[in-house]
Structures are given as structure tokens and as C-alpha cells.
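**Q** This is the structure I have questions about; it appears just below.
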């Protein structure tokens, strides 16, 4: 299957999955070096897993938003994806802060960086595909706009 015929979700999901695998491989290979620098790699691996799952679900919701016929459906999917990601990460952080004997700041900052990469990569792929789709200009009531030339 060529990449031109793929849905925005599939392409974005593939990019997120490759990134997830690469990050985990690097964390395993460089575990000892990271731990020597006071990075709790277990926290980063779990954070990477959570980020991958919620990013994949929210990208799926974002890609569905572009296919909605009505604007409220699009807004519902975009905000739904954002809220899912926000509350899942908030709960995960609260659970970690509550149960951790000591907060590992380097791991938290690495997870923050991973969040930014996941967010950028997923949303970029979906919006790039939707921006490339042809759209006819419309009036405010959703009817095609016809140009009249003199």
C-alpha cells in the first residue's frame, strides 16, 4: 500500500509506533548511563508507554475530526482527544507523585520532552494530510460558493 493512499491515522500511528520502539530501545541500551546520571529509566519507559497509547488514541480522534460533516462533530473530536490526553496524563502524574518515594525530576523532564515529540509528530501528520485534501469554498450555511464573473 502506498503512503499516498493511507489514512492520516495509519501514517501518524506508524510514526508514533516507530518513535515508541526507538525510545524504548535507547532506554534499554543506555540504561546504565542514564541511571548513572540519576535518571529513573523505569519511570521514562512507563511514561513512554502511556504517552504512546494516549497519543495514538487522540490522533485517531483528530483524524476522525477531519471527516466530520458538521463543525460541532469536528470540535467534539478535537477537544475529546485533547481532554483524553490531558486527564490521562494528569492522573498518571498524580499517581506517580503520590506513590513515588522520591520524585525523579530528570525522568519527568524527559517524559515532558517525549510528550512534546509525540504531540507534534501525531498532530502534524493528521493536519498535513487534511490540509492537502481539496476543499471547496463554502458559504456560512455549508453550501458551495459559486463565483460569478462579469
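The values are calculated or read from the model by the stated rules, or taken from the named source; none is laboratory data. If you're wondering where the values come from, they're calculated on a predicted model, not measured in any experiment. Quick reminder, even Gly has a Cβ in these numbers, built from the backbone with ideal geometry, and neighbours come from all protein chains shown.
**Q** Can you confirm whether residue 11 is at pLDDT 95 or above and either over 24 Å from residue 121 (Cα atoms) or buried (at least 16 other Cβ atoms within 10 Å of the Cβ) (or both)?
**A** Against the criterion (at pLDDT 95 or above and either over 24 Å from residue 121 (Cα atoms) or buried (at least 16 other Cβ atoms within 10 Å of the Cβ) (or both)), residue 11 does not qualify.
**Q** Now for a different question. Could you list, in sequence order, all residues of segment 85-116 that are within 14 Å of the chain's Cα centre (by Cα) and surrounded by 15 or more Cβ atoms within 10 Å (Cβ to Cβ)?
**A** Listed by number, the residues that qualify are 85, 88, 89, 111, 114, 115.
**Q** Ok, one more. Collect the residues in segment 41-59 that are over 15 Å from residue 113 (Cβ atoms) and buried (at least 20 other Cβ atoms within 10 Å of the Cβ), keeping them in residue-number order.
**A** Across segment 41-59, the qualifying residues are 54, 58, 59.
A quick yes/no check of all residues on (1) at pLDDT below 85; (2) within 19 Å of residue 120 (Cα to Cα); (3) over 15 Å from the mean Cα position of the chain (by Cα):
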| residue | (1), (2), (3) |
| --- | --- |
| 2 | yes, no, yes |
| 39 | no, no, yes |
| 42 | no, no, yes |
| 48 | no, yes, no |
| 66 | yes, yes, yes |
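**Q** Next up: Hand me the list of helices (runs of 4 or more DSSP H) wholly inside segment 1-108 holding 3 or more residues that are touching a residue at least 12 places away in the same chain (Cβ under 8 Å).
**A** Helices (runs of 4 or more DSSP H) meeting the threshold: 8-29, 41-65, 71-99.
**Q** Filter segment 60-74 for residues that are touching a helix residue (DSSP H, G or I) at 6+ places or on another chain (Cβ under 8 Å) and exposed (fewer than 15 other Cβ atoms within 10 Å of the Cβ) and give the result.
**A** Matches in segment 60-74: 68, 73.
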